[in-house]
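The values are calculated or read from the model by the stated rules, or taken from the named source; none is laboratory data. On a predicted model such as this, the values are computed, not experimentally measured, just so you know. Cβ coordinates were reconstructed from backbone atoms using ideal geometry, including for glycine residues, and neighbour counts include every protein chain displayed. For the accessible areas, the whole protein counts, side chains as well, though only heavy atoms, and no ligand, DNA or RNA atoms are used. Shrake-Rupley method; radii C 1.70, N 1.55, O 1.52, S 1.80 Å.
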Amino acid sequence: RNHVHDSAAGAVRFQVHLPPQHDGTTRLPVVMALHGCAMTGYGWNSMKATTQFNSRADREGFIVVYPTQRMFRNTVNCWNSADPREQQRDTGEPALLAGVARQVVETYNADPAQVHVVGASSGAGTAVILAATYPDVFATVTSVAGGEYGLNQVDPDDPESTPPAYTARQAWAQMGDRARHVPLLVIHGEDDEVVPPLVADRLVAHWTAVHDFVDDGLLNKSLELVEATETVPGVPGRHPYTKTTLTAADGSSMVESYMVEGLGHAWPGTAGDGMFTDHAGPDAGAAAWDFARRHPMSGSTATG
């Protein structure tokens, strides 16, 4: 179903996929999927075709939302995650996309405690921005080939001059009195030449620092996160990868990351259709949904 969200911040078109489980009374989870540059939400080279979320939604019972960038906002159809004007609450793209999420929850009686955002490339950058600007709307964030809040402040030739904690403090400040621990999943290719692997390493450190600030306002490792690493070897036609999980004392995972050998700047998955897909995996759609399913906000109507 095609919609338009209009607000003081402008307008954005989006498409909603409803699974067979949607009956208007059961409050289903929502996954918002944000496309990258030279893509759309549901048109040419779309996030819908790339992720193949619709078939997973039909099996698992969640609603999928595909916003699509308007051409006049960016010449190559990126989300403007590198623009400081698009990194604030109540204005620009964050306000538009949070408005889309709220509209979907209201229109389709979805579960407001299970609204998740998944992004690819520039869409991943915007997904992280949404986690900082609207932690009261989005339960989790998944970044595929993306970077930290305020990445535009980091000099690619001298990244250490801007520590991840510096941008983390800004992300935490954006949360304001809505601050909460927003779980983050990172999926990144070690052969990504567009968004280098260092950016993913920084994102993990950055969001770990955000969690630290949220805990008690200090960068003091008060959460005492425990790191666990799993290495999955490659088999013919499948990329090897390393999965790292940072877990709090109560057993909840705060940050999970997949670093994938042999993967470039692409969405990994067995069934994706588009210019920026890699069928050698791992399955980013499966990982993103599993992560979202395990991390509802408190107050969710989910069972099981």
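When Val128 is tested against (1) β-branched (Val, Ile, Thr); (2) over 14 Å from the mean Cα position of the chain (by Cα); (3) under 28 Å from His239 (Cβ atoms); (4) in a helix (DSSP H, G or I), exactly one condition is not met: (2).
Being out of contact with any helix residue (DSSP H, G or I) (no Cβ under 8 Å at 6 or more places or on another chain), open to solvent by 10 Å² or more (accessible area, probe 1.4 Å), in contact (Cβ under 8 Å) with a residue 24 or more places away in the chain and within 23 Å of His295 (Cβ to Cβ) is the requirement here; does Arg13 meet it? For Arg13, the condition - out of contact with any helix residue (DSSP H, G or I) (no Cβ under 8 Å at 6 or more places or on another chain), open to solvent by 10 Å² or more (accessible area, probe 1.4 Å), in contact (Cβ under 8 Å) with a residue 24 or more places away in the chain and within 23 Å of His295 (Cβ to Cβ) - is not met. Here are Pro84, Pro94: which of them is more than 21 Å from Gly43 (Cβ to Cβ) and open to solvent by less than 10 Å² (accessible area, probe 1.4 Å)? That would be Pro94, the only listed residue that is more than 21 Å from Gly43 (Cβ to Cβ) and open to solvent by less than 10 Å² (accessible area, probe 1.4 Å). For Phe291, the conditions (1) in contact with an Asp or Glu (Cβ under 7 Å, 6 or more places away or on another chain); (2) assigned to a loop (DSSP other than H, G, I, E, B); (3) in contact (Cβ under 8 Å) with a residue 12 or more places away in the chain all hold with the exception of (2). Looking at the structure I just gave you, is Val76 aliphatic (A, V, I, L, M) and open to solvent by less than 10 Å² (accessible area, probe 1.4 Å)? It is false that Val76 is aliphatic (A, V, I, L, M) and open to solvent by less than 10 Å² (accessible area, probe 1.4 Å).
When the residues of region 141-179 are filtered to those that are part of a strand (DSSP E or B) and touching a Leu at 6+ places or on another chain (Cβ under 7 Å), the one that is nearest to Gly217 (Cα to Cα) is Val141.
Is it the case, given these coordinates, that Ala139 is surrounded by fewer than 22 Cβ atoms within 10 Å (Cβ to Cβ) and of a type in the set (A, V, I, L, M)? The answer is no for Ala139.
A count restricted to region 105-125 and to residues that are crowded, with 24+ Cβ neighbours inside 10 Å and part of a helix (DSSP H, G or I) stands at 4.
Any residue in region 180-191 that is surrounded by 17 or more Cβ atoms within 10 Å (Cβ to Cβ) and part of a helix (DSSP H, G or I)? Within region 180-191, not a single residue is surrounded by 17 or more Cβ atoms within 10 Å (Cβ to Cβ) and part of a helix (DSSP H, G or I). Hey, can you tell me all the residues within region 218-257 that are open to solvent by less than 90 Å² (accessible area, probe 1.4 Å), in contact with a helix residue (DSSP H, G or I) (Cβ under 8 Å, 6 or more places away or on another chain) and either charged (D, E, K, R) or farther than 16 Å from Thr208 by Cα (or both)? Residue satisfying the conditions is Glu256 alone.
Counting only residues that are outside any strand (DSSP E or B), surrounded by 15 or more Cβ atoms within 10 Å (Cβ to Cβ) and in contact (Cβ under 8 Å) with a residue 60 or more places away in the chain, region 16-31 holds 5 of them. A Cβ distance below 6 Å, combined with a sequence gap of six or more or placement on separate chains, defines the contacts here; from region 135-152, residues that are over 19 Å from Thr167 (Cα atoms) reach residues that are among the polar types (S, T, N, Q) in the pairs Ala139/Gln114. Among the residues of region 227-257, the ones that are among the polar types (S, T, N, Q), touching an Asp or Glu at 6+ places or on another chain (Cβ under 8 Å) and not in a strand (DSSP E or B) come to 0 in all. Residue count for region 215-267 satisfying the condition of being within 24 Å of Pro282 (Cα to Cα), among the acidic types (Asp, Glu) and modelled with pLDDT under 95: 0. Restricting the search to region 32-68, which residues are open to solvent by less than 10 Å² (accessible area, probe 1.4 Å), part of a loop (DSSP other than H, G, I, E, B), in contact (Cβ under 8 Å) with a residue 40 or more places away in the chain and small (Gly, Ala, Ser)? The answer is Gly36, Gly61.
If you scan region 1-10, which residues turn out to be more than 16 Å from Trp79 (Cα to Cα) and either open to solvent by less than 10 Å² (accessible area, probe 1.4 Å) or outside any strand (DSSP E or B) (or both)? Once the filter is applied, which keeps residues that are more than 16 Å from Trp79 (Cα to Cα) and either open to solvent by less than 10 Å² (accessible area, probe 1.4 Å) or outside any strand (DSSP E or B) (or both), region 1-10 yields Arg1, Ala8.
Do we find a residue being open to solvent by 10 Å² or more (accessible area, probe 1.4 Å), of a type in the set (Asp, Glu) and more than 26 Å from Thr242 (Cα to Cα) anywhere in region 159-169? No, the conditions are met nowhere in region 159-169.
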